[in-house]
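Okay, structure first, notes after.
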C-alpha cells in the first residue's frame, strides 16, 4: 500500500471589534484584502431577523459600508433575512432557501457569504455555504454571548434532523469570525447571560486562573455589566479557539469532545423541553449533573462542586429542571437516552469529559445510570431548598 501524507494548513481568524459595518471601520476591508483579489468579490449577507429587529439601522449600515468600500467588495443584493432561534435549525427547507439565495445571487467559489446572527442562524447558513459549490468562503458575525464565546468561533455547522441536534452538518473553517461587541448591547438579559456559562465550562476544563477571574467578576456579571461580559466572552473565545487549533482533532475524528463538558445531558434537555430551555441554561444544568455525579463517584471533592454550583446559581442560572427526571418510554428517565445519542454522535465509544479539579479534565467511557439518577435527585432537593431560601420561606 502506498501512503503519502499531505499537510494542510488553515487560517482560523478571530477578530474583536465594535461597529464592524461602520464605514470608517477597516476590519472587513482588511479581511477581504488578505486574498489579494483581482476584482472585488461578490458578498451576500444573511441576517437573523431578531438581530435586524433589535438593530433597525443595520441594513442601511451594511449598504453604506459596501458603498464606501466598493473597490474591495460588491454587495450581491439585499440582506437575506432568516428566522432566528433554535427552531430555524429544525426546518430543512430553510437550508434550501439559503442555497436558492446563493444561487440567485450568482455566487461562485471566489465569493463570500457573511452571516450575522446567533448560533443557530450561523449553524444554518454556514452549513448551506459550506455545501454550495462544495464550499463558499463564509465569515461569521456572531451576535450573542454564546456564539461569540463558543459556538460561533468554531468550525462546525449543522441543522437538526430526525429529532436529533446537529445530525446533518459539516466541518468548515470560516474565512473569519468577527466578534462585534456592539451587538451584545441590544440583547435581552436572558441572552446576555447565556454565554457566561460556556465561559465557566471552558475555564473548568482548561484554565483555573480564568475560573477564579470569573468568580471575582461575579457581581458585575450578575448585573450583566458590559465590560465584564466583554472580558469573559473574549477570554472564552480565545480558549475555545486555542483548543480547536492546538488540540490535535479540529474536525473531531476521534471520540473525545472535551469542549462538551456538561453537554450530553444539556442536548437532551433542550430536546425534551422543545428548546424552551436555552442552550446556556441547559449546559448549566448539564454541568451540575456531571459535577454531582463526579462527587458521588469519588472523582471530585464536595467543596469544589459546591463552589462551582454556587457560582453558577449566583449568576442567575438554575441547576435543576423537572425534565431531568421525566420518564421515558423504557421506564427510566428519558434524559439517560442522551448518553447513547451522545455516543452515536461521537461515532465511537462513549467519551464523556468530567472535571476532577478546576482547570483539569478527565475523559471517562462509561457512566453509571443509577448514580446519574441519584445526582439528579440531589439537584432536585437542592433546587427546592434554593427556591425556599429565595422566597424567604422557612
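More than 15 Å from the chain's Cα centre (by Cα), in a helix (DSSP H, G or I) and closer than 21 Å to residue 15 by Cα: is that true of residue 198 in this structure? It is false that residue 198 is more than 15 Å from the chain's Cα centre (by Cα), in a helix (DSSP H, G or I) and closer than 21 Å to residue 15 by Cα.
Of the residues making up the stretch 279-300, those that are surrounded by fewer than 21 Cβ atoms within 10 Å (Cβ to Cβ), in contact (Cβ under 8 Å) with a residue 40 or more places away in the chain and not in a helix (DSSP H, G or I) number 2.
Quick check on the stretch 223-233. Is at least one of its residues surrounded by 21 or more Cβ atoms within 10 Å (Cβ to Cβ), modelled with pLDDT under 95, in contact with a strand residue (DSSP E or B) (Cβ under 9 Å, 6 or more places away or on another chain) and closer than 18 Å to residue 284 by Cα? Among the residues of the stretch 223-233, not one is surrounded by 21 or more Cβ atoms within 10 Å (Cβ to Cβ), modelled with pLDDT under 95, in contact with a strand residue (DSSP E or B) (Cβ under 9 Å, 6 or more places away or on another chain) and closer than 18 Å to residue 284 by Cα, which makes the answer no.
When the test is whether a residue is surrounded by 23 or more Cβ atoms within 10 Å (Cβ to Cβ) and under 21 Å from residue 195 (Cβ atoms), residue 116 passes it.
If you go through the stretch 125-147 and keep only what is at pLDDT 95 or above, in a helix (DSSP H, G or I) and over 29 Å from residue 39 (Cβ atoms), you end up with just 145. Every condition in (1) closer than 25 Å to residue 239 by Cα; (2) at pLDDT below 95; (3) surrounded by 12 or more Cβ atoms within 10 Å (Cβ to Cβ) holds for residue 20 except the one numbered (2).
Let's see how each residue does on (1) touching a residue at least 12 places away in the same chain (Cβ under 8 Å); (2) closer than 18 Å to residue 81 by Cβ; (3) in contact with a helix residue (DSSP H, G or I) (Cβ under 8 Å, 6 or more places away or on another chain):
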| site | (1), (2), (3) |
| --- | --- |
| 114 | yes, yes, no |
| 126 | yes, yes, no |
| 138 | yes, yes, yes |
| 145 | yes, no, yes |
| 156 | yes, no, yes |
| 160 | yes, no, yes |
| 168 | yes, no, yes |
| 173 | yes, no, no |
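Take the stretch 8-64 and flag every residue that is assigned to a helix (DSSP H, G or I) and not assigned by TED's automatic domain parsing to the domain that holds residue 119. Passing the criteria: none in range.
Of the candidates 58, 107, the single residue that is at negative phi, touching a residue at least 24 places away in the same chain (Cβ under 8 Å), surrounded by 15 or more Cβ atoms within 10 Å (Cβ to Cβ) and within 26 Å of the chain's Cα centre (by Cα) is 58. Among the residues in the stretch 222-233, are any under 15 Å from the mean Cα position of the chain (by Cα) and in a helix (DSSP H, G or I)? Within the stretch 222-233 (the criterion being under 15 Å from the mean Cα position of the chain (by Cα) and in a helix (DSSP H, G or I)), the answer is yes, since at least one residue qualifies.
The values are calculated or read from the model by the stated rules, or taken from the named source; none is laboratory data. As the structure is a computational prediction, the values presented were derived from the model and not from experiment. Methodologically, a virtual Cβ is constructed for each residue, glycine included, from the backbone with ideal geometry; neighbour enumeration extends over all protein chains shown.
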